[in-house]
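Read the structure below first, then the notes.
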Amino acid sequence: MDKNEIDINLLEEEISSNQTAPTEKPRWYVIHTYSGYEKNVKTSIEKIIENRDMYDVITEVVVPIQKTYETTKSGKKKEVERKIFPGYVFLKMIMNDDTWYVVRNTRGVTSFVGPGSKPVPLTDDEVISMGIEAFVDTCEIEIGDLVIIKDGPFAKSNGVVKEVNPNRKTVIVNVNFLGRETPVELDFHQVQQMG
């Protein structure tokens with residue numbers, strides 16, 4: 001071994017001993033889906049996140065929808081949900097080989113949005129202009145809070161929050177049903193804090 005080889009080996013050892021794992025924050029990515037499969041893809045990815053405990057690397061899965069009213073043939077107004085970006089699902093995630101593989105191989109996903117097969121994260125300006133963050137379910141409700149249920153079979157009932165699950169975006173509320181206290185699991189958007 002000559003002196004240059006020894007110097008290179010020592011330098012490589014020093015560099016590798018000083019390196020720490022890079023910490024990357026999650027960024028927004030867009031995936032293209034088959035038409036009409038947006039909600040199925042969202043549900044599938046959320047199930048994978050839960051089963052593989054990937055909450056720290058895939059933090060949000062969003063299909064932006066807008067509620068509007070349509071007039072039926074009989075003249076009644078009916079509330080309907082329309083996808084704002086049909087054929088697309090938005091993911092806030094840390095891009096690595098595992099997350100790419102999981103998302104790319106989900107049934108209904110055709111590709112990531114980006115040149116070739118290389119996913120490109122949305123810029124902060126794009127996220128703001130499209131209003132993606134506004135569609136993320138968040139909850140400021142805590143255990144012990146009194147809430148009213150906004151929709152579903154228990155609509156207009158009130159109860160006390162017994163559990164909050166930020167990963168699944170659900171709360172468990174004890175509701176008085178037929179004279180008994182009954183725990184009901186609800187999505188964040190189904191409850192509203194009282195007073």
- Has region 65-83 got at least one residue that is part of a loop (DSSP other than H, G, I, E, B) and under 16 Å from the mean Cα position of the chain (by Cα)? no
- Taking only region 150-170 into account, find how many residues are buried (at least 16 other Cβ atoms within 10 Å of the Cβ) and at pLDDT below 85. 4
- Query: Taking region 15-34 as the search range and keeping residues that are surrounded by 10 or more Cβ atoms within 10 Å (Cβ to Cβ) and modelled with pLDDT under 90, which one is farthest from GLU81 (Cα to Cα)?
  - Reply: GLU24
- When both residues are 6+ apart or on different chains and their Cβ atoms are under 7 Å apart, which pairs have a first residue that lies in region 178-189 and is over 16 Å from GLU140 (Cα atoms) and of a type outside the set (Gly, Ala, Ser), and a second that is modelled with pLDDT under 85 and surrounded by 12 or more Cβ atoms within 10 Å (Cβ to Cβ)? VAL184/PHE154; GLU185/THR170
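The values are calculated or read from the model by the stated rules, or taken from the named source; none is laboratory data. Nothing here was measured: the structure is a model prediction, and the numbers come from that model. Note that each Cβ is placed from the backbone with ideal geometry, even for glycine, and that neighbours are counted across all protein chains shown.
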